[in-house]
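The values are calculated or read from the model by the stated rules, or taken from the named source; none is laboratory data. None of these values were measured; they are calculated from a predicted model. All Cβ positions, glycine included, derive from the backbone under ideal geometry; neighbour counts span all protein chains shown.
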């Protein structure tokens with residue numbers, strides 16, 4: 001990493017197979033050329049942002065959670081545009097886990113709340129879909145995976161449970 005505290009914390013590949021990273025310690029998203037092994041950094045507008053989880057939607061946009069300040073953000077690689085929305089739980093929502101479903105809705109978990117809350121976001125309306133408490137409490141849900149076959153989200157918790165949430 002070009003900076004000592006970059007802290008790469010998540011990775012996702014775009015449609016061309018290029019790996020992208022969330023660099024939590026530098027308020028930056030980055031990609032690495034698989035051919036040259038060179039990194040291109042994309043600083044976020046807010047220098048106090050701490051991107052933690054990233055996921056691509058089918059339109060090629062890169063979604064991220066800002067753990068430090070409680071935002072859901074989107075970065076459009078083609079135009080370098082950025083946009084953010086504050087999570088329903090506010091600054092202390094500590095959004096972490098992130099997944100995009102087959103309808104391009106974005107799902108994340110607010111880990112600052114106990115119990116943790118699963119929150120949906122519809123990019124078409126730019127509105128949050130509400131928040132659902134995780135029955136086990138969650139402790140901290142750090143990863144979500146969307147399963148197209150079942151139409152649901154799988155997640156693991158620090159409370160020694162595996163969870164599944166059906167999304168409609």
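When residue 9 is tested against (1) surrounded by 15 or more Cβ atoms within 10 Å (Cβ to Cβ); (2) part of a loop (DSSP other than H, G, I, E, B); (3) modelled with pLDDT under 95, exactly one condition is not met: (2).
Within segment 40-66, the set of residues being surrounded by fewer than 15 Cβ atoms within 10 Å (Cβ to Cβ) and in contact (Cβ under 8 Å) with a residue 24 or more places away in the chain comprises 45, 58, 59, 60.
Per-residue answers, yes or no, for (1) in contact with a helix residue (DSSP H, G or I) (Cβ under 6 Å, 6 or more places away or on another chain); (2) without any contact (Cβ under 8 Å) to a residue 60 or more places away in the chain; (3) closer than 26 Å to residue 23 by Cα; (4) crowded, with 20+ Cβ neighbours inside 10 Å:
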| site | (1), (2), (3), (4) |
| --- | --- |
| 70 | yes, yes, yes, yes |
| 104 | no, yes, yes, no |
| 121 | no, yes, yes, yes |
| 155 | no, yes, yes, yes |
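A single entry from 109, 141 fulfils the requirement of being in a strand (DSSP E or B) and surrounded by 13 or more Cβ atoms within 10 Å (Cβ to Cβ): 109. Go through (1) at pLDDT 95 or above; (2) under 14 Å from the mean Cα position of the chain (by Cα); (3) at negative phi one by one and return the number of the condition residue 24 breaks. So the condition that residue 24 fails would be (1). Among the residues of segment 14-24, those identified as free of Cβ contacts under 8 Å to residues at least 24 places away in the same chain and touching a strand residue (DSSP E or B) at 6+ places or on another chain (Cβ under 9 Å) are 18, 19.
Only residues that are under 11 Å from the mean Cα position of the chain (by Cα) and in a strand (DSSP E or B) were counted across segment 39-85, and they come to 15.
Can you find even one residue in segment 86-102 that is in a loop (DSSP other than H, G, I, E, B), under 13 Å from the mean Cα position of the chain (by Cα) and surrounded by fewer than 21 Cβ atoms within 10 Å (Cβ to Cβ)? Looking for residues that are in a loop (DSSP other than H, G, I, E, B), under 13 Å from the mean Cα position of the chain (by Cα) and surrounded by fewer than 21 Cβ atoms within 10 Å (Cβ to Cβ), one finds at least one in segment 86-102, hence yes.
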